[in-house]
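Below is one structure, written out as structure tokens, with a few remarks after it.
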Amino acid sequence: MARGRTRSVFVRRIGGGNDRRRPDDLIVEEPLSIQLDGTLVATTMRTPGHDYELAAGFLHAEGMLGGATIETVRYCADGSAVESQFNIVTVETGGKAPTPTPRLGSTSSSCGLCGSDAIDELTTRLLPVTADPIDPMVLAEVADRVRGKQELFDKTGAVHAAAAFDSTGTVLSVREDIGRHNAVDKVVGRMLLDGELPATDLGLYVSGRASFEIIQKAWAAGFGSVVSVSAPSALAVETAEAGNLQLAGFIRNGEINLYC
């Protein structure tokens, strides 16, 4: 981690008949430019930390690697990482990846692509997932298991979490970020760099809602199941059905909705 992920400020805490000043930790949000073999392909707003994983996971989800093996990942291939404030990451495949097509504009820390055309694109390049579904009650327990590992959320209350877990609900890895999709990229990127993809028979947990982009990333990584704390979007359900993913969410008081 090159930069601090939280920043302390003084706030006025008002209520209960009191008006007092106290320190408060805020989550840091900064842009990360992602390059593939020297070509800028995207800029995303993220929480600094696990940046190499984020870059690798993003490129994998977008299909930009084209099956090429990542040879190196480093900060700012064209200059000093300090001068670029650790906000540029270059992933290199030795030119083996297809010539990248930059994603237009900046990626926000909340939403992603959408539309039926996007589902068609996924079905063209990805095969349906073949994995046994996980017991829905195991899925319902994952949120509590991940919650105990959310260090940044405990400090700031302002970040999302993503986690990989197995069929017993054992949490294998957790990543946090101001954006849900960034947290997922960090989980997937770690597995990619460790040679652990596809994520056969594993589940992916996300805090908040499950959007189309979350399902896209899970499908590309080979996860058989996705569970979110809140409800998914209609397009997320359509995408999960197209990819043969188990999708569950809206965890409340030990109950859970199974969408597909």
Signed unit charges on C-beta, dipole axis of the chain, positive-most listed residue 102, 55, 88: 88
Likely footprinting exposure, 197, 54, 247, fewest C-beta neighbours within 10 Å first: 197, 247, 54
Average Cα contact separation per residue, region 136-258, under 8 Å, 6 or more apart, as relative contact order %: 22
Spread of Cα-to-Cα distances over 10 Å intervals beginning at zero, given as percent, for region 136-258: 15, 51, 31, 2
Protection proxy ranking, peptides 153-160, 223-230, average beta carbon neighbours within 10 Å, highest first: 223-230, 153-160
DSSP beta bridge pairing in the chain, given as percent antiparallel to the nearest 5: 70
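For 205, 52, which order do you get if you count the other beta carbons within 10 Å of each Cβ and list the fewest first?
On the way: 205 27, 52 19.
In order of increasing Cβ crowding within 10 Å: 52, 205.
How large is the charge dipole for region 136-258, taken about the Cα centre, if only the Cβ atoms of Lys, Arg (+1) and Asp, Glu (-1) carry charge, to the nearest 20 debye? Each step should come with its number before you reach the end.
Values: 11 positive and 15 negative charges, 56 e Å.
Here region 136-258 has a charge dipole of around 280 debye.
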Charge-dipole axis of region 136-258 as Lys and Arg at +1 and Asp and Glu at -1 on Cβ define it, positive-most pick from 159, 216, 250: 159
Three-way shape call for the chain based on the alpha-carbon gyration tensor, with the a/c threshold at 1.5: oblate
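Computed from the coordinates by the stated procedures, all read-outs in this text should not be read as laboratory data. If you're wondering where the values come from, they're calculated on a predicted model, not measured in any experiment. Cβ: placed from backbone, ideal geometry, glycine included. Neighbour counts: every protein chain shown.
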